[in-house]
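Presented below is the structure to which this report refers.
Derivation of every value follows stated rules applied to the coordinates shown; laboratory data play no part. Note that this is a predicted model, so its numbers are computed, not measured. For neighbour counting, all protein chains shown are included, and Cβ atoms are generated from backbone atoms with ideal geometry for every residue, glycine included.
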Amino acid sequence: MTRTRKILLIGAAVVVIAVVALVIWMVASQTSRPDGSATPAPSTSVPPTPTVFPTPTPGATDGAPSDEPPVEVPIDEPATVVEGVTAQVVSMEAFESSSEQPGDLAGPALRVLLRVTNSTAEPIDLGGASVNLASGEDANPAPPLGDTVATGLPASLAPGESAEGQYSFSIPLDARADVTVTLDLLTGEPYVAFRGAAPAS
C-alpha cells in the first residue's frame, strides 16, 4: 500500500469518527438540560376523577319540617303534640303596648301564656319552639312584641315536668273574634293550632 493511500484511509477514518461524535453530541444535547440534568419524561398519570355526591332527596335531611297537617284544637283545650307531650293555652290577656322594645308597635295587644307538659321518660328539646298569632280565615299574622327569648319556653324540658312561656302580639280589637295561636314545638312533628276568640279587654 502506497503512502498516499494510507493517508487517504486515515483521513476518511477521521471524518467518520468526527461525524459519529457530532451525531452523539446532538442527541445528547436534545435530551439534557443546560445544567446537565436529564429532562424529566412527561407524566402519564391520569388526573383523579372528581367525587360526585348524590343530591339529598326531600325529607332525607335531619330536622326537616313535617309534611303532616297541623293538630287543630279549640283554643281552650289541650293538644297532644306527640305521645306523652301536651300543650295548651293557659290564658290570653288584652293590654296596651307601649312599644318599649325597638320595633314594637304601640296599641292594642294580646299576651298569650302557653304551657307544655312532658310526660315521657326522656327530656325534650324546646330550643326550636316558635309561637305565632294570626287572625281571620286568611290567617293574617300579628306582629310579635317584646323579648320572646326571655319570656318564652325554656330550651329543654325534663321528664315529668311542665313549663310555661309568655308571648305578646300586636292585634287590633276588631280582629279578635277568630284568632289562631300556632305552636311549632318539636322539629319534624306537626305544629299545633289553637283556634277561637280572644278577649277584647
Failed item, numbered, when residue 117 is tested on (1) in a strand (DSSP E or B); (2) farther than 19 Å from residue 70 by Cα: (2)
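So that you can scan it fast, the table gives a plain yes or no per residue for (1) surrounded by fewer than 20 Cβ atoms within 10 Å (Cβ to Cβ); (2) without any contact (Cβ under 8 Å) to a residue 40 or more places away in the chain:
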residue	(1), (2)
97	no, no
116	no, no
120	yes, yes
129	no, no
138	yes, yes
146	yes, no
155	yes, yes
Selection count, segment 157-183, where residues are of a type in the set (D, E, K, R) and crowded, with 18+ Cβ neighbours inside 10 Å: 1
The one condition in (1) on the phi < 0 side of the Ramachandran plot; (2) more than 25 Å from the chain's Cα centre (by Cα) that residue 124 fails to fulfil: (2)
Count of residues meeting criterion [assigned to a strand (DSSP E or B) and small (Gly, Ala, Ser)] in segment 160-201: 7
